[in-house]
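Have a look at the structure below, then the notes.
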Amino acid sequence: MARRPVAAVAALVLIGEAVGIALLNWILGLMVDRQKMSMGGMDPDAMSRGAWIMGGVFGVYLLGCGFVLLRAAVRDRGPGRFGRVLLVTCAVLHGLLGALTVGLVGWTAFAVMMVVMGMIVLTLMAYGADADGSAESAESAGPGDS
């Protein structure tokens, strides 16, 4: 089945996305800091630190999602409960970002976000019920064992 390659590719995409988001926020923070930009009288230092912190937090989140997918691909077993919740939130986030990018960036960016979301959802569906071992326990139990 194609679940291992899809999980591995999705993991690599999310890891690349994490690096890109962190790098983009670092550059934006430098621009705000060096040009002393301000919005509504807000302190430029606070704005640049906010960009750096948000880039770091979002980068770590995407790295975590990528790690969960990579672990699922290497072990060929679905993620546990926390990993599934993390991947579901990542898929929802990509769906929302895809909807926002249509107007801001264009249809190509929307398509990319939907492909990433599709890979995450496909991985979640492919590993299905065996994430917590319930499929193995259901197979090993006989018809009279309930």
With Cα atoms, 0 to 90° folded angle of helix 107-127 axis to the chain main axis: 30
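Which FRET efficiency value, to the nearest 0.05, do you get for R81 and R4 by plugging their Cβ-Cβ distance into 1/(1 + (r/R0)^6) with R0 = 25 Å?
0.75
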Rounded to the nearest 20 debye, dipole of the chain from Cβ charges on Lys, Arg, Asp, Glu: 300
Highest-MSF residue in the chain out of T108, T89, T123 [GNM, Cα springs under 10 Å]: T108
Whole-Å distance, taken between Cα centres, linking the range 81-98 and the range 1-19: 14
Nearest-0.05 FRET efficiency for A109 and M37, computed from C-beta distance (R0 25 Å): 0.50
q = 0.14, 0.15, 0.17 Å⁻¹: log10 I(q)/I(0) that the Debye formula gives for the chain, counting C-alpha atoms only: -0.75, -0.82, -0.96
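Coordinate-derived values only; no laboratory data. For clarity, every value in this text was computed on a predicted model and none was experimentally measured. As a convention, Cβ positions derive from the backbone with ideal geometry for all residues, glycine included, and neighbour counts pool all protein chains shown.
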